[in-house]
Amino acid sequence: MRRTIPSLIMSVVLSVGFIPMATAADYTLKDPRGDDKGPGNYLYPTDAVYVPGGFDITEVSIKDKGKNLEFKVEVATRIEDPWDSKSWNGNGFSIQFPQLYLDLDHKAGSGETKGLPGTNVLFAPESAWDKVVLISPQPRGRVQSEIDTKAASMKDKIVIPTVTRVQGNALIVQVAKSDLGGELKPGFGIQVLMQSNEGFPDPADLLSRKVNEFNGQHRFGGGSDYDCDPHVLDLLSGQAKGEASEKEGQFEALKKYTCDEDQARWVQAVVPMIYPEAAK
């Protein structure tokens, strides 16, 4: 008897037990230790809450969770909550503020080339970002208020996670795929800018702690008081494999800025976008 196509498919299913469903890929990106110095010379604030390694990214991972994506940012030391964020409805940590920028289509002219207010960095036009996920210790309402006030033109591209939590040396968030426009497609790009949370930010900065010329109790040092230096302590570089050479890649990218008394001569650093598929 001639077998129909449906019956052939059923025979295959019965013989192997199941047909695996296609799922989004998971990704793990590495970053070398000891590069939490911005362009290579940034210094931590002097207050004891800024524990060495607290801004040193070591690994970033993305996991598919059905309707959500889970992003995890690991640093070189245990994440603490010295300012008791839970008492002000925060998320269980105090000083870190990673921002995850996503290039969803890798098309020049599509997306934003300016980092969020307070980062003082740019992205190349061919690596413009389409969405940014904020991992903030601040309550959702405070973050949204800052977005509405200081980044209104970008607010449709800024994502506040549905869940933010701490696990050892990792900050973990879940983001609804619908907030990112759907699944991450092959060819997407990611960059993580490590900043420090500032509860009393400059009127123009989105919860970002500044880097000054000299460090102080709650100020990073090694930058410029003209406020045109990149306010970034660490980021992903190279192929994000954690190789020592990637330190220099970061330093070179972040040191290409110009600060001057004349604002017309300011040049902001251009940060790279990492494309995980290309790095495989």
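Read the figures in this text as sums done on the coordinates, not as results from a lab. Remember, it's a predicted structure, so these values are computed and weren't measured experimentally. We place every Cβ from the backbone using ideal geometry, glycine too, and count neighbours over all the protein chains shown.
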Worksheet item: Cβ-Cβ below 8 Å, separation at least six or inter-chain, first residue in segment 102-124 and free of Cβ contacts under 8 Å to residues at least 40 places away in the same chain and of a type in the set (A, V, I, L, M), second assigned to a loop (DSSP other than H, G, I, E, B) and buried (at least 16 other Cβ atoms within 10 Å of the Cβ): which pairs?
Response: Ala108/Ala128
Fill in: Candidate set from segment 84-108 (those that are under 17 Å from the mean Cα position of the chain (by Cα) and of a type in the set (A, V, I, L, M, F, W, C)); member that is surrounded by the fewest Cβ atoms within 10 Å (Cβ to Cβ)
Leu104
Worksheet entry | Lys63, sole failed condition from (1) over 21 Å from Gly182 (Cα atoms); (2) without any contact (Cβ under 8 Å) to a residue 40 or more places away in the chain; (3) charged (D, E, K, R) | (1)
Item to complete: Tally the residues that are surrounded by fewer than 20 Cβ atoms within 10 Å (Cβ to Cβ) and not in a loop (DSSP other than H, G, I, E, B), restricting the search to segment 261-280.
Response: 8
Worksheet item: Within segment 44-88, how many residues are farther than 23 Å from Val175 by Cβ and either in contact with a strand residue (DSSP E or B) (Cβ under 8 Å, 6 or more places away or on another chain) or part of a loop (DSSP other than H, G, I, E, B) (or both)?
Response: 19
Worksheet item: In segment 184-208, what count of residues is obtained for those that are under 22 Å from Asn68 (Cα atoms) and aromatic (Phe, Trp, Tyr)?
Response: 1
Discussion item. Against the conditions (1) of a type outside the set (D, E, K, R); (2) in contact with a helix residue (DSSP H, G or I) (Cβ under 7 Å, 6 or more places away or on another chain); (3) closer than 19 Å to Val49 by Cβ; (4) surrounded by fewer than 21 Cβ atoms within 10 Å (Cβ to Cβ), where does Thr258 fall short? Just the number, please.
Written reply: (3)
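Determine whether segment 234-257 contains at least one residue that is of a type in the set (A, V, I, L, M, F, W, C), touching a Ser or Thr at 6+ places or on another chain (Cβ under 8 Å) and part of a loop (DSSP other than H, G, I, E, B).
Let us first name the residues in segment 234-257 that are of a type in the set (A, V, I, L, M, F, W, C), namely 235-236, 240, 244, 251, 253-254.
From the residues that got through so far, the ones that are touching a Ser or Thr at 6+ places or on another chain (Cβ under 8 Å) too are 253.
Remaining after also requiring part of a loop (DSSP other than H, G, I, E, B): none.
Checked segment 234-257: no residue is of a type in the set (A, V, I, L, M, F, W, C), touching a Ser or Thr at 6+ places or on another chain (Cβ under 8 Å) and part of a loop (DSSP other than H, G, I, E, B).
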Worksheet entry | Hits in segment 196-230 - residues which are surrounded by 24 or more Cβ atoms within 10 Å (Cβ to Cβ) and either in contact with a His (Cβ under 6 Å, 6 or more places away or on another chain) or farther than 18 Å from Val51 by Cα (or both) | Leu206, Leu207, Ser208, Val211, Gly223, Asp229, Pro230
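Rundown of residues vs (1) under 17 Å from the mean Cα position of the chain (by Cα); (2) over 20 Å from Ala269 (Cβ atoms); (3) surrounded by fewer than 21 Cβ atoms within 10 Å (Cβ to Cβ), yes/no style:
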{"position": "Thr119", "(1), (2), (3)": "yes, no, no"}
{"position": "Leu122", "(1), (2), (3)": "yes, no, yes"}
{"position": "Glu126", "(1), (2), (3)": "no, no, yes"}
{"position": "Ser136", "(1), (2), (3)": "yes, yes, no"}
{"position": "Pro139", "(1), (2), (3)": "no, yes, yes"}
{"position": "Gln144", "(1), (2), (3)": "no, yes, yes"}
{"position": "Ala152", "(1), (2), (3)": "no, yes, yes"}
Item to complete: May I ask you to list the residues in segment 53-83 that are farther than 30 Å from Asn41 by Cα and surrounded by fewer than 16 Cβ atoms within 10 Å (Cβ to Cβ)?
Response: Lys65, Gly66, Lys67
Worksheet item: Listed residues Asp225, Asp229; which is touching a strand residue (DSSP E or B) at 6+ places or on another chain (Cβ under 6 Å) and either more than 27 Å from Gly187 (Cβ to Cβ) or in a helix (DSSP H, G or I) (or both)?
Response: Asp229
